[in-house]
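To start, the structure itself, in structure tokens.
The values are calculated or read from the model by the stated rules, or taken from the named source; none is laboratory data. Note that this is a predicted model, so its numbers are computed, not measured. Here Cβ is always computed from backbone atoms with ideal geometry, including for glycine, and neighbour counts include all displayed protein chains. For the accessible areas, the whole protein counts, side chains as well, though only heavy atoms, and no ligand, DNA or RNA atoms are used. Shrake-Rupley method; radii C 1.70, N 1.55, O 1.52, S 1.80 Å.
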Amino acid sequence: MAKGTKKTRTVKKKAAAATTATAASRAAPRTAYVNARLIDPASGLDAPGSLLSEDGLIADFGSGLFADGAPENAETIDCRGRVLAPGLVDMRVRLRDPGHEHREATVSAAAGGITTIIVLPDTDPVIDSVALVEFIGRRAGEAGLINIYPMAALTQGLEGKEITEMGLMSEAGAVAFGDGVSSIDDSLVMRRALSYASSFGLLIVQRPEDNSLASDGVMNEGEIATRLGLAGIPNAAETICLERDIRLLELTGGRYHASLLSTADSVDVVRRAKARGLNVTCDTAPPYFALNEIAVGDYRTFARLSPPLRCEEDRRAVVEGIEDGTIDAIVSDHAPHHQDSKRQPFAQAESGAVGLETLLAVALDLTRESSLSLSGMLGKVTCVPADILGLDIGRLRKGAAADLVIFDADAPWKIDADQLLSKSKNTPFDGKLAQGRVVRSVISGHIVFHASDLDT
Amino acid sequence: MTAATPKIRFPHRHLLGIEGLSPDEISELLDLSESHVEQNRQTDKKRTTLRGRTCINLFFENSTRTRTSFELAGKRLGADVINMSVSTSSIKKGETLIDTAMTLNAMHPDVLVVRHPDSGAVQLLSEKVNCAVINGGDGRHEHPTQALLDALTIRRRKGKLSGLCVAICGDIMHSRVARSNIRLLSIMGARVRVVAPPTLLPAEIGRFGVETFHHMKEGLKDCDIVMMLRLQLERMNGSFVPSVREYFRFYGLDYAKLKVAKPDALIMHPGPMNRGVEIDGELADDIDRSVIREQVEMGVAVRMACLETLTGALPQSGGKT
């Protein structure tokens with residue numbers, strides 16, 4: 001590659017950051033959060049302390065703050081020693097209808113401690129034009145509660161053939177580009193997409209899968225699939241596509257993010273690419289580090305996911321990848337499905353699971369089952385995805401929006417699909433015993449979720 | 001400078017490209033071209049230096065301006081000019097190209113001007129004939145007379161080529177005009193930049209000695225010449241760039257992007273232009289900035305000089321600039 005300009009264009013994000021019409025129009029209260037365990041993964045802060053929010057922003061925080069007692073002219077919230085951290089940033093949320101499902105998703109997200117979500121372009125209509133990117137921004141604002149940014153399609157109509165107006169959509173507020181659930185099959189298209197995006201410094205997100213290899217597979221290829229008589233998807237479907245993309249990235253330069261790594265080989269491919277100094281990042285979702293293909297059990301359609309749940313060795317490799325930093329971020333891959341689309345023969349059921357409300361609880365398991373610290377785990381759902389997306393969020397910083405989560409890292413509960421706030425109940429974690437619950441979620445200084453039973 | 005000693009020492013039988021030409025050879029071609037500029041502005045434009053000679057314009061690819069320019073150049077020098085357009089769609093290319101060359105060669109032409117959609121085709125043809133061959137554009141390879149006419153246009157306006165900063169913008173990947181211009185301008189000591197989205201830049205273009213830019217505002221900064229290239233319609237709809245709208249927004253030349261260039265920077269375009277795609281229509285017509293029509297005028301003069309030089313027939317009274 002000829003090198004003339006290394007500088008990437010800083011694209012101004014116009015207004016897709018849509019904090020709630022309701023919340024923004026209401027004056028945010030002055031609130032003192034006292035007696036908290038402050039964790040800021042970006043700076044490594046993990047200490048007892050307090051935080052003051054004012055006008056929707058973080059006014060001050062630290063161990064010494066309010067040492068002489070809480071201020072009188074502010075509402076005081078006693079955190080009871082629980083964790084106070086930046087609100088979660090979820091890079092991967094699927095919504096069908098770019099307008100209607102936003103409110104439902106925002107309620108679920110708030111209950112999960114998530115204050116910012118990135119919505120995939122796989123909506124009807126597809127987010128592949130400037131007008132739709134702007135529309136998402138507007139509708140997100142109307143839906144209120146949390147911050148929503150659109151990921152825009154990389155190819156027109158998600159057809160994998162013609163690249164979209166990335167430059168213009170980026171100016172309109174798209175924070176990343178990818179074809180969502182589908183992956184780009186044509187190597188030439190992928191090369192040109194990476195190449196074109198590189199000059200704007202745009203992030204390309206791909207959920208790698210070789211479509212011809214995956215074919216009509218519905219679960220992990222292997223003994224269980226054979227016993228159940230279901231068509232399998234080999235690990236190689238993911239690895240081949242991922243490896244190809246990384247080879248292309250070497251040609252073109254630019255920024256590439258692989259989403260939903262599920263196999264040991266994929267983790268290895270990314271690990272080696274990073275060692276070669278390539279600008280690669282990746283994420284995975286709770287099902288891939290907390291479950292394996294056994295969860296499919298007796299044709300449980302809630303465990304039909306894309307990529308499919310893999311075998312135990314892959315799951316362990318994914319955990320290792322998270323531990324050693326190969327896997328940068330953890331996403332919910334939230335995909336609500338109506339009951340009817342899951343109450344089907346396994347092969348005909350839609351793939352995907354809801355995940356907003358269980359993201360934090362399941363991810364907290366990592367701090368107990370691996371060497372990952374609480375702060376290290378939180379980084380993967382706050383500042384790291386924010387950095388990948390180029391958004392100045394996901395950290396405790398004076399003057400930043402007071403988007404916060406307060407959670408009890410130990411509170412035990414049983415995940416019950418029926419108790420989820422989400423209208424869709426398709427979680428593969430139904431019945432799981434979890435440890436760690438969100439007590440409050442705060443957006444721009446407003447409490448948008450409160451589990452009042454934990455205050456007693 | 002006397003009639004007895006040929007002014008041009010041009011040790012090449014053909015003009016297949018800019019590559020391989022020396023700075024002196026280029027300068028002398030431009031000097032000779034200069035002498036024809038005034039002549040072409042007179043009422044009587046006809047000379048007899050090529051009387052009795054036969055030029056054949058053999059075009060395997062559509063062309064209006066280049067073919068017309070060569071035809072006029074030949075006729076103004078008194079040569080007999082024949083135009084042949086050959087469709088390449090229905091025939092096997094390699095076989096027919098050589099057959100055609102042998103057939104034409106048997107008619108004893110003095111100069112063949114050849115345009116062909118395949119890179120290298122003109123050279124292949126030149127190996128099979130006894131006459132001089134001028135490359136009128138081959139594939140993505142070279143278009144030497146375009147580079148010469150661009151150089152003449154620049155030299156007349158700026159008085160020199162050496163030391164100028166020239167930004168060539170747009171579809172570099174598919175452009176023979178860009179390749180010939182990069183070669184010529186570099187040989188003559190100009191600083192050349194290429195400005196394009198990475199999808200329209202060929203691999204290792206930096207090895208041509210150019211500076212590469214992906215953003216117009218950086219690439220045009222303080223340059224003396226902005227040379228825009230044509231972007232073919234079929235390359236704008238999602239394959240190389242997403243859309244006409246996006247291309248114009250980021251890579252189309254307009255007054256706003258031109259601001260960062262030198263105040264007296266000139267705008268060039270080899271034509272035909274796509275107004276509103278690679279260049280703003282109003283800017284293209286701005287006589288203070290655009291020398292696009294002058295390029296066409298210089299084309300005839302340059303081609304006259306090339307025909308004369310290759311046939312060894314020089315004007316009686318040397319072309320003094």
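Numerical summary
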quantity	calculated
Matching option when the condition is within 13 Å of the chain's Cα centre (by Cα) and not polar (S, T, N, Q), among A:I294, A:I330	A:I330
Which listed residue, of A:D210, A:D216, is at pLDDT below 95, under 22 Å from A:E350 (Cβ atoms) and charged (D, E, K, R)	A:D216
Residue in region A:254-272 that is touching a residue at least 60 places away in the same chain (Cβ under 8 Å), over 19 Å from the mean Cα position of the chain (by Cα) and either closer than 21 Å to A:A214 by Cα or within 14 Å of another protein chain (Cβ to nearest Cβ) (or both) present	yes
Tally of residues being at pLDDT 95 or above and either among the polar types (S, T, N, Q) or open to solvent by less than 10 Å² (accessible area, probe 1.4 Å) (or both) across region B:102-118	4
Residue under evaluation B:D222, criteria (1) assigned to a loop (DSSP other than H, G, I, E, B); (2) within 12 Å of chain A (Cβ to nearest Cβ); (3) open to solvent by 50 Å² or more (accessible area, probe 1.4 Å); (4) under 23 Å from B:G281 (Cα atoms), criterion not met	(2)
Restricting region A:201-227 to residues that are within 14 Å of chain B (Cβ to nearest Cβ) and buried (at least 22 other Cβ atoms within 10 Å of the Cβ), the residue that is nearest to A:T155 (Cα to Cα)	A:I204
Residue within region A:18-31 that is at pLDDT 65 or above, more than 30 Å from B:T199 (Cα to Cα) and of a type in the set (A, V, I, L, M, F, W, C) present	yes
Residue within region A:159-166 that is among the aliphatic types (A, V, I, L, M), away from every other protein chain (no Cβ under 14 Å) and either open to solvent by less than 10 Å² (accessible area, probe 1.4 Å) or over 19 Å from B:P198 (Cα atoms) (or both) present	no
Of all residues making up region A:267-310, the number that are in a loop (DSSP other than H, G, I, E, B), farther than 30 Å from A:N426 by Cβ and hydrophobic (A, V, I, L, M, F, W, C)	1
Selection count, region B:180-219, where residues are away from every other protein chain (no Cβ under 14 Å) and assigned to a loop (DSSP other than H, G, I, E, B)	3
Enumeration of residues in region B:119-140 that are open to solvent by less than 60 Å² (accessible area, probe 1.4 Å) and in a loop (DSSP other than H, G, I, E, B)	B:G120, B:V129, B:C131, B:G139
Residue within region A:181-189 that is surrounded by 22 or more Cβ atoms within 10 Å (Cβ to Cβ), on the phi < 0 side of the Ramachandran plot and not in a helix (DSSP H, G or I) present	yes
Considering residues of region A:78-114 that are closer than 14 Å to A:G355 by Cα and of a type in the set (V, I, T) only, the residue modelled with the lowest pLDDT	A:T106
Residues of region A:338-395 classified as in a loop (DSSP other than H, G, I, E, B) and among the acidic types (D, E), total	3
Test: residue in region B:242-257 that is aliphatic (A, V, I, L, M), open to solvent by less than 70 Å² (accessible area, probe 1.4 Å) and part of a loop (DSSP other than H, G, I, E, B)	no
Unique match (being within 14 Å of chain A (Cβ to nearest Cβ), charged (D, E, K, R) and touching a residue at least 40 places away in the same chain (Cβ under 8 Å)) among B:D171, B:D150	B:D171
Strands (runs of 3 or more DSSP E) enclosed by region A:55-128 - at least 3 residues per element that are of a type outside the set (V, I, T) and surrounded by fewer than 22 Cβ atoms within 10 Å (Cβ to Cβ)	A:57-62
Given (1) open to solvent by 10 Å² or more (accessible area, probe 1.4 Å); (2) within 26 Å of B:T199 (Cα to Cα); (3) outside any helix (DSSP H, G or I), number of the condition A:L230 does not satisfy	(2)
Failed condition for A:L251, given (1) open to solvent by 40 Å² or more (accessible area, probe 1.4 Å); (2) within 14 Å of another protein chain (Cβ to nearest Cβ); (3) within 23 Å of the chain's Cα centre (by Cα)	(3)
Residues within region A:207-227 that are touching a Ser or Thr at 6+ places or on another chain (Cβ under 9 Å) and either assigned to a loop (DSSP other than H, G, I, E, B) or of a type in the set (V, I, T) (or both), tallied	5
Unmet criterion (only one of (1) under 15 Å from the mean Cα position of the chain (by Cα); (2) farther than 18 Å from B:V133 by Cα; (3) not basic (K, R)) for B:T48	(1)
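Residue by residue, here is whether (1) modelled with pLDDT of 95 or more; (2) touching a helix residue (DSSP H, G or I) at 6+ places or on another chain (Cβ under 9 Å); (3) outside any loop (DSSP other than H, G, I, E, B); (4) under 28 Å from B:H108 (Cα atoms) holds:
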{"position": "B:L29", "(1), (2), (3), (4)": "yes, yes, yes, yes"}
{"position": "B:S33", "(1), (2), (3), (4)": "yes, yes, yes, yes"}
{"position": "B:V37", "(1), (2), (3), (4)": "yes, yes, yes, no"}
{"position": "B:K45", "(1), (2), (3), (4)": "no, yes, no, yes"}
{"position": "B:T48", "(1), (2), (3), (4)": "no, no, no, yes"}
{"position": "B:N57", "(1), (2), (3), (4)": "yes, yes, yes, yes"}
{"position": "B:E61", "(1), (2), (3), (4)": "no, no, no, yes"}
